[in-house]
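Remarks on the structure that follows.
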Protein chains: 4
Amino acid sequence: MSIATGIIGASGFAGGELARLLAGHPEFGLCYASVPGHSPDLVGKPLAAVHPHLRAGRAVEALPSKNGGSAGSLELVSTKTSEAARRCEVVFLATPPLVSAALGPALLAAGVEVVVDLSPAFRLRDPALHSKWYPAVSRPPERTAVYGLPELNRALLPGADLIAAPGCLATAAILALMPLSGLDGVRLSSITIDGKAGSTGSGHRLRSSGLHPVRSGVVAPYAPAGHRHVAEIQEALLGKGLATVGGGLRLGMSVFGVDLVRGVSVAAHVIVDPDSRLPSEGELASLYRDAYRDAAFVRVIHWREEAVPLPDPKTLTGSNYCDIAVFQDADCGRLVIVAALDNLMKGAAGQAIQACNIRYGLPETLGIDAFAVYPG
Amino acid sequence: MSIATGIIGASGFAGGELARLLAGHPEFGLCYASVPGHSPDLVGKPLAAVHPHLRAGRAVEALPSKNGGSAGSLELVSTKTSEAARRCEVVFLATPPLVSAALGPALLAAGVEVVVDLSPAFRLRDPALHSKWYPAVSRPPERTAVYGLPELNRALLPGADLIAAPGCLATAAILALMPLSGLDGVRLSSITIDGKAGSTGSGHRLRSSGLHPVRSGVVAPYAPAGHRHVAEIQEALLGKGLATVGGGLRLGMSVFGVDLVRGVSVAAHVIVDPDSRLPSEGELASLYRDAYRDAAFVRVIHWREEAVPLPDPKTLTGSNYCDIAVFQDADCGRLVIVAALDNLMKGAAGQAIQACNIRYGLPETLGIDAFAVYPG
Amino acid sequence: MSIATGIIGASGFAGGELARLLAGHPEFGLCYASVPGHSPDLVGKPLAAVHPHLRAGRAVEALPSKNGGSAGSLELVSTKTSEAARRCEVVFLATPPLVSAALGPALLAAGVEVVVDLSPAFRLRDPALHSKWYPAVSRPPERTAVYGLPELNRALLPGADLIAAPGCLATAAILALMPLSGLDGVRLSSITIDGKAGSTGSGHRLRSSGLHPVRSGVVAPYAPAGHRHVAEIQEALLGKGLATVGGGLRLGMSVFGVDLVRGVSVAAHVIVDPDSRLPSEGELASLYRDAYRDAAFVRVIHWREEAVPLPDPKTLTGSNYCDIAVFQDADCGRLVIVAALDNLMKGAAGQAIQACNIRYGLPETLGIDAFAVYPG
Amino acid sequence: MSIATGIIGASGFAGGELARLLAGHPEFGLCYASVPGHSPDLVGKPLAAVHPHLRAGRAVEALPSKNGGSAGSLELVSTKTSEAARRCEVVFLATPPLVSAALGPALLAAGVEVVVDLSPAFRLRDPALHSKWYPAVSRPPERTAVYGLPELNRALLPGADLIAAPGCLATAAILALMPLSGLDGVRLSSITIDGKAGSTGSGHRLRSSGLHPVRSGVVAPYAPAGHRHVAEIQEALLGKGLATVGGGLRLGMSVFGVDLVRGVSVAAHVIVDPDSRLPSEGELASLYRDAYRDAAFVRVIHWREEAVPLPDPKTLTGSNYCDIAVFQDADCGRLVIVAALDNLMKGAAGQAIQACNIRYGLPETLGIDAFAVYPG
């Protein structure tokens, strides 16, 4: 274990996933796990008390090559910046944006080398945009973070001290749309993203609509318009020359909760200007394959050759891949890009570790290269 | 029991739903249930052998006011046109389109008064469109059916002998879009329908992708483009003055299988021409409420006032309602219309009976007015 | 509408099911729905705000023969004994036992004619047993209720003013075991009930273990021993001569949560004394069919003749039936009785109305005779 | 890659799980994958065509230390004994018992060093018992296999050439019951195992009852008595001195399908002779902890200290652990042992590899030591 690592907000779903991955990671050693001050009932308990899959057992204990056998026994502590800084080189924040906005800079100031924040506190670069979408989350104006989508910002990661891990829907949407900037002589007129999301995306918050009897079996339009991830997507695409704000290319998103614990699927419905040419499915597929030729965790699917319809988050449980397929609908001048991922992996913890691997010059796939568990 | 009624294709999911509803219907008396010739193993068995919820019991037997107590005991027979015609005034066809195309006209010729076909065999009025989408389904050119969407074609139903019950996705989409024809001074530029569908929509067909381990937990892009219901929707909208073919308004649909047994949800993403005005959410809501003021089975939802996000098929299990909500997304000049229904009720059997109620001058809601069973 | 009826605790799952059934009941007219004092956010809202399936619509409004079209519009009020008594002849209590223990007698004293309590407050006749299992629930010693299982206590219901509706698991277990008292010359040595239960049985209580991500997909041993329904079962069986306490016949229960919203299934594993004879499956089946020959809501299944394994709560959603099948396992001297029901129907609201129908001399099946919605 | 390994029957669920595990195993190199002769449509396709989670991607390809990056590209071939023998030292049979009974000996005769059969063909040692439960499966009388439950037969594995991997329910039941042989001065009178099983246990067989609409949401009594795994359990327990046949200790099992893709849970209800002493829960817990002190893959749960009720297969998806908890029910002289596992891991592929690891003197946990993916 060479790099001492901590998780703040270790009791939630993303925190649990970080712990699972770090427990099996050859370089990052999980040595600190804390909960917010308002969860005193958890303080002093072992991690495994809230994440039962992390309980110890002979199998993991017996393995000298893993540092994670005893991860489940790590005691949850109350969050203290100084203690975290003393014990960790790297800290992952799986906390609400209000908490992250304060903790991130404080931890860096206290000597932590790298903070990876999984909340939206530092995702938006433009302060005006940030204020519009997260008015309650004030953050130090001088602090900027690297938006931690490796496929977009790989070059910026090695020097980063503050990394903002992208949102799960935003990750899928950006990966689905980025390559379109490579289309030659095609004018896109609008993009509508229709997202389907599992229940872990809503976290551990206790409310009636999250209870099993109410949440199971739904197709619930929880964000029919105005989802906050739209801003992330716009900023990312702008960097690729796809000006969806003020540039004529309109972008909207609607998100539905479906009966899924893990997983996100987005369909990007891209309307091509009727006076412009419509690229063929083959052209699109080539474009996407080229764009992701070197991407460790993006796969472009041959839809027509698969036994089951893909991309599907069901086939990605526990995997860090984002799968993408492209379609052309000639009848209505539409391109459809479907992208799927595991929202706790490529949509949260897995991607955070991927970015951190790159930050430290480690192999990008270290500790996050497991196949999906399927069917499950 | 005044009107003798039969079901051909009684062993499938739509057939079972028809049987359940007819068993409790005060005017249509279920007296004939048949299966295709190639299901000899089912012939001679009682209906309840394939639809376990229809088994008899003291409760239903004891009720003189119901004609359906013994519905489950009705013996499945092999389909014979002459026998069906001899025993039934009304026949519901829950058969594949190839079978319906032949049986429908034959039954009418043999003296059946009304045939309601749940397959797509007779849905498309335009023969060219029919040939394009259903090349294998030849039908007598002189035979036309009433497209049995009461909210669209109420006036045509009373005289009808052949009624084509709409598809489940088409029903939701058409109901979601029809009122847009009433928008004043708004130019729509494209419509993309993103549909989410439960597994009963795929029927009883035995194939690996329909098995529980494979089908549960999916978000499966089974028809990312080119779904056949698009043609139905286009014909229906054309009748309302929304020319989606050759008229500048482009229409496409993508359909995903989700982990749901019953239910369909569609989101119609309507892009308004950037040079045109964007109607407000209030204007839209008024338009929709007016449009469906007298509709027995369409409810327009006040999304912001609900405890859980609606419309949601989960809240409609066993109900014949189609719920609709409207949204405006000013940031991208988009209207979003979400519609949900139970695909076996308003999307199949319930709607077929609704149309038939109207055909016979019965109260439209007779036998299909139950509240949804929720949560379930 | 002849009998004015109220629901106290109308915002929970059992409350919602009572409202759905009463809205369609020809004799009990729902005219009062209240919530506990500590739910001020719900007061003033319509019932449909918490039970979205009860929203009004043209279909139900248009039906003069139903009194329930506007049930969803009924305004939730804060519970006041005097108001409830002024407005209702019958009150259903869907409240926690502590609340019911106080409200039941108070409502009767204030002039309500019949109180049907769905909590365990009045289920146990023996005060000692009650104190053992519900030490926190003190109730007036002079108050006794009729245990409202019609198949057991039909004769006692007509005169009752306080009816204690049985628990869902207890209902299934008692119906599964009662007929065994008719076995001739067979000494039973022990009974183990293994119950599987859906999530609505745990109610609306907000806690982490009830959230969708945590509760879905489980087989959770939430009561491996010592479930409180055991006492109900023992009292009921004692009345039938099956002395499971102090009589040599030992009775235990283990309950597992499974991924089900509605539904309960129990397997009663009955060990026959090795020195006694083991009844054949045919003898058992005859015994059970005879026992339930006149039961409106109990069906004895021919397991070997069904297309899918039954009894199964999946086939009973929205139905008031309890289905039962009997098996003999010669290899180990065991009888297995499997019983299934919908926990919100025969296990709660449906059974409460069944008992109340009998109380008022109405047909037992009035308003609760719908077929199950299946598959759903 | 030191040991060349093949899978026969690679297209099923157990075959897919074997492929996933072998692809990540440091010592067994997957180099052969075949399907039965009657699946010609699969021959020539890559493994990933039937197991979409095994598709290649940059992440796995880039890893030199894994031999499995290209596992998904392995071409499925038609099964030929000679070819399998030429290419493999070890062959896993994920085939039906009839096929395994023939293939197992043939492969060994052709020079394969070790055959691990996942079917029941070679599980029962006693030929009479085998003939009783598997009358259609004739096997060479001189061929005996080691019953591959490492916790029972560790010592026999190193020399084995034919290993019969135990059934999933049998594994859970035997691990739940074995330690009871260590109880001092306690006479057990009967054991009833109540099993709950997910849908992957039924395999890929196409039949109506396995379709998603029919199979989801069930509690289906598919084997209420007489499950074939009982014989395995009896043989294994006999070896531990628990004579459940002819020895006074009666053993029965009932199995229910529940809405789960992966996972098995068994509750062993153990009735203690009323004239004997009843061990305390503490005594039991100590006994079990001692029994499994050195077991790599068995964990004994402190039920009362967990945040969610355990053992639960939901917390074991993708893990090779079997979790066990013990309870005492004093009221009825009963012990309850609950055991849960992932039926494709410890119940099939994981355990097969565990046995094979031991066979080759490798660390027992090699390649099967991943934490469960949870929640999922």
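The values are calculated or read from the model by the stated rules, or taken from the named source; none is laboratory data. The structure presented is a predicted model; accordingly, all values stated were derived computationally and were not measured. With ideal geometry, Cβ positions are generated from the backbone for all residues, glycine too; neighbour counts draw on all protein chains shown. For accessibility, only protein heavy atoms count, side chains too; no ligands or nucleic acids. Shrake-Rupley method; radii C 1.70, N 1.55, O 1.52, S 1.80 Å.
Worth pointing out:
- Per-residue ellipticity at 222 nm computed for the protein assembly as shown from its helices equals -7000 deg cm²/dmol, with DSSP H segments shorter than 4 residues left out and the rest contributing -39,500 (n - 2.57).
- At least 20 Å² of accessible area lost relative to the chain alone, listed for segment C:218-236 with a 1.4 Å probe: C:218, C:219, C:220, C:221, C:222, C:224, C:225
- For chain A: relative contact order, % (alpha-carbon pairs under 8 angstrom, 6 or more apart): 16
- Spin-label pair residue A:78/residue B:305, simplified geometry with 7 Å Cα→Cβ offset, distance in nm: 4.6
- For chain A, built as a Gaussian network whose Cα springs stay under 10 Å, the top-fluctuating residue of A:213, A:127, A:179: A:213
- Per residue convex hull volume, Cα atoms of the protein assembly as shown, in Å³: 163
- q = 0.13, 0.21, 0.25, 0.27 Å⁻¹: log10 I(q)/I(0) that the Debye formula gives for segment B:88-148, counting C-alpha atoms only: -0.29, -0.76, -1.07, -1.22
- Ordering D:170, D:26, D:112 by the projection of their Cα atoms onto the charge dipole of chain D, which places +1 on the Cβ of Lys and Arg and -1 on the Cβ of Asp and Glu, puts D:112 at the extreme positive end.
- Taken residue by residue and averaged, Cβ atoms of other chains lying within 10 Å of the Cβ of A:200-208 number 4.
- Rolled with a 1.4 Å probe across the full set of protein chains, the surface gives residue D:38 an accessible area near 150 Å².
- Average partner coverage of A:320-331, which counts Cβ from other chains inside 10 Å: 4
- Residue of C:35, C:308, C:258 that the Gaussian network model of chain C assigns the largest fluctuation, springs spanning Cα pairs under 10 Å: C:308
- Taking a ≥ b ≥ c as the square roots of the eigenvalues of the alpha-carbon gyration tensor, segment C:225-376 is classed prolate because a/c is 1.5 or more and a/b outweighs b/c.
- Centre-to-centre separation between the Cα atoms of segment A:126-203 and those of segment C:345-372: 56 Å.
- As a fraction of the 1.4 Å probe accessible area of segment A:1-137, surface on carbon and sulfur atoms comes out at 57 percent.
- A/D buried area, accessible surface, summed, 1.4 Å probe, Å²: 3900
- Mean accessible surface per residue for segment D:147-193, computed with a 1.4 Å probe while every protein chain stays in place, in Å²: 25
- Across B:322, C:168, the residue with the most accessible area heads the list, and the full order at a 1.4 Å probe is C:168, B:322.
- Here residue C:45 yields copy-to-copy label distances, from shortest upward, of 2.9, 4.5, 4.9 nm, the label point defined as 7 Å from Cα along Cα to C-beta.
- Environment charge at residue B:201 (Cβ cut-off 15 Å; Lys +1, Arg +1, Asp -1, Glu -1): +3
- Chain-alone versus full-assembly comparison, segment A:286-310, residues with accessible loss of at least 50 Å² (1.4 Å probe): A:299, A:309
- Sites residue C:286 and residue C:144, calculated FRET efficiency, Cβ-Cβ separation with R0 35 Å, nearest 0.05: 0.45
- Distances in nm from residue D:185 to the matching label points in the other copies, shortest first (labels 7 Å along Cα to Cβ): 4.1, 9.4, 9.6
- Apportionment of accessible area to carbon and sulfur, segment C:153-226, percent (1.4 Å): 52
- List of segment D:337-376 residues, accessible area with partners at least 10 Å² below that of the chain alone (1.4 Å probe): D:338, D:365, D:369, D:371, D:372, D:373, D:374, D:375, D:376
- Tilt relative to chain A, helix A:168-177 - C-alpha long axis, 0 to 90 degrees, to 10: 30
- Accessible surface, segment B:289-356, averaged per residue in Å² (probe 1.4 Å): 23
- Modelled FRET efficiency - R0 25 Å, residue B:294 with residue C:87, Cβ distances, 0.05 increments: 0.15
- Exam field: residue B:207 pseudo-label spacings to other copies (7 Å along Cα-Cβ), nanometres: 2.2, 4.0, 4.5
- Point-to-point label distance, residue D:277-residue B:126, nm (Cα→Cβ direction, 7 Å offset): 8.8
- Here is the P(r) of chain D: all C-alpha pair distances, binned every 20 Å from 0, give 29, 58, 12, 0 in whole percents.
- Nearest-10 value in Å² for the accessible area of residue A:156, using the 1.4 Å probe: 90
- Using the Cβ of residue A:186 as centre and a radius below 12 Å, the other residues enclosed give a net charge of -2, where K and R count +1 and D and E count -1.
- GNM top mover of B:154, B:250, B:304 - chain B, alpha-carbon springs below 10 Å: B:304
- Inter-probe distance in nm under a simple model that places probes 7 Å from Cα toward Cβ, at residue A:155 and residue C:330: 8.1
- Antiparallel bridges, percent of DSSP beta bridges restricted to the protein assembly as shown (to nearest 5): 50
- Exposure of residue D:229 as accessible area (Å², to 10), given a probe of 1.4 Å and all protein chains: 20
- Reported to the nearest whole Å, the Cα centre-to-centre distance from segment D:68-119 to segment A:248-291 is 43.
- With N as its number of residues, segment C:75-178 has a Cα radius of gyration that, divided by 2.2 N^0.38 Å, comes to 1.08.
- For residue D:240, no lysines have a Cα closer than 18 Å to its Cα, not counting residues fewer than 8 places off in the same chain.
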